[in-house]
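The structure appears below as structure tokens.
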Amino acid sequence: MLLYPGMTALDVAGPQALLAGLAPGSLHLVAHTTGPVASDTGLALLATHDFETCPRDLDVLLVPGGDGTPAQMRDAAVLAFLRERAARAAWVASVCTGALILGAAGLLRGYRATSHWCVRDAVLPLLGAVPVAERVVFDRNRATAAGISAGLDLGLALAARLRDPDYARTAQLVAEYAPEPPFRAGTPAEAGPEIVRAANAILAPLVAGATEAARG
């Protein structure tokens, strides 16, 4: 799992919680350098490996999203690392705007993919992907998830493919993942125009930065 400054911590922690039990001790958090990496809310996650010490052959290569996405879309070392590891990985995956980083590395060209709603339809096509409005999208060995919370869905879907559906169901029950949110505002259609305007104002810098990075 890639870490970088400005990532969204839940994009990492959600799938990590559901996948870690598959092979204890073999889930690596990778960044430019080892040590703490600050998320977009200031919560730090600990990188256990750098690009050189990360194993060459991976079952899953996963990229989170976050406010730091545009910078990663321009980071030559990050993109080279993703291309090199993706060539041998069984699954290449992303959560939220992590799909844009995969796309910037050329890894979603011609693939159906999803991402956060704020960039899915406008920015993914700039990177050669075919946008799909679903929580989790599988196309060959690419697995992409929509915004932040969809990382939990991705973790379960990958667990089912890496082990079996009953393992994933057990992990879901252990996590008591049975969401009943207090509001029906998790999509633009449900939230309504006023809330969408407020969300767009928060997301505008990320959308603008990602669009500029995608256009190169």
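Rule-based calculations on the coordinates, nothing more; no lab input. Everything numeric in this text was worked out from a predicted model, so none of it was measured. No Cβ is skipped: glycine too gets one built from the backbone with ideal geometry, and neighbour counts run over all protein chains shown.
Figures for the structure shown
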{"quantity": "Search result, residues across the range 187-202 that are aliphatic (A, V, I, L, M) and surrounded by 13 or more Cβ atoms within 10 Å (Cβ to Cβ)", "calculated": "Ala191, Ile195, Val196, Ala199"}
{"quantity": "Number of the condition not met by Leu100 [criteria: (1) in contact (Cβ under 8 Å) with a residue 60 or more places away in the chain; (2) under 15 Å from Leu154 (Cα atoms)]", "calculated": "(2)"}
{"quantity": "Among the residues listed as Leu156, Leu203, the single one being aliphatic (A, V, I, L, M), part of a helix (DSSP H, G or I) and closer than 26 Å to Asp75 by Cα", "calculated": "Leu203"}
{"quantity": "Search result, residues across the range 31-60 that are under 30 Å from Ile202 (Cα atoms) and touching a residue at least 40 places away in the same chain (Cβ under 8 Å)", "calculated": "His32, Leu45, Ala47"}
{"quantity": "Qualifying residue in the range 73-82 (condition: assigned to a helix (DSSP H, G or I), more than 29 Å from Gly21 (Cα to Cα), over 11 Å from the mean Cα position of the chain (by Cα) and among the aromatic types (Phe, Trp, Tyr))", "calculated": "no"}
{"quantity": "Lone unmet requirement of (1) buried (at least 18 other Cβ atoms within 10 Å of the Cβ); (2) under 28 Å from Glu134 (Cβ atoms) for Thr41", "calculated": "(1)"}
{"quantity": "For Ser26: the one exception among (1) of a type outside the set (Asp, Glu); (2) more than 19 Å from Ala99 (Cβ to Cβ); (3) touching a strand residue (DSSP E or B) at 6+ places or on another chain (Cβ under 8 Å)", "calculated": "(3)"}
{"quantity": "Condition met for Val30 (touching a Phe, Trp or Tyr at 6+ places or on another chain (Cβ under 8 Å), surrounded by 11 or more Cβ atoms within 10 Å (Cβ to Cβ), more than 18 Å from Ala89 (Cα to Cα) and not hydroxyl-bearing (Ser, Thr, Tyr))", "calculated": "no"}
{"quantity": "Qualifying residues in the range 162-216 (those that are within 24 Å of Leu100 (Cα to Cα) and of a type in the set (Lys, Arg)) - the one farthest from the chain's Cα centre (by Cα)", "calculated": "Arg197"}
{"quantity": "Residue within the range 85-100 that is assigned to a helix (DSSP H, G or I), within 24 Å of Ala201 (Cβ to Cβ) and of a type outside the set (Gly, Ala, Ser) present", "calculated": "yes"}
{"quantity": "So Gly106, is it in a helix (DSSP H, G or I) and in contact with a Gly (Cβ under 8 Å, 6 or more places away or on another chain)", "calculated": "no"}
{"quantity": "The range 139-150, residues that are assigned to a strand (DSSP E or B) and either more than 15 Å from Leu61 (Cβ to Cβ) or of a type in the set (D, E, K, R) (or both)", "calculated": "Asp139, Arg142"}
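Conditions (1) under 22 Å from Leu127 (Cα atoms); (2) surrounded by 11 or more Cβ atoms within 10 Å (Cβ to Cβ); (3) touching a His at 6+ places or on another chain (Cβ under 9 Å), marked per residue:
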position: Asp166; (1), (2), (3): no, no, no
position: Arg169; (1), (2), (3): no, yes, no
position: Tyr177; (1), (2), (3): no, yes, no
position: Ala185; (1), (2), (3): no, yes, no
position: Ala204; (1), (2), (3): yes, yes, no
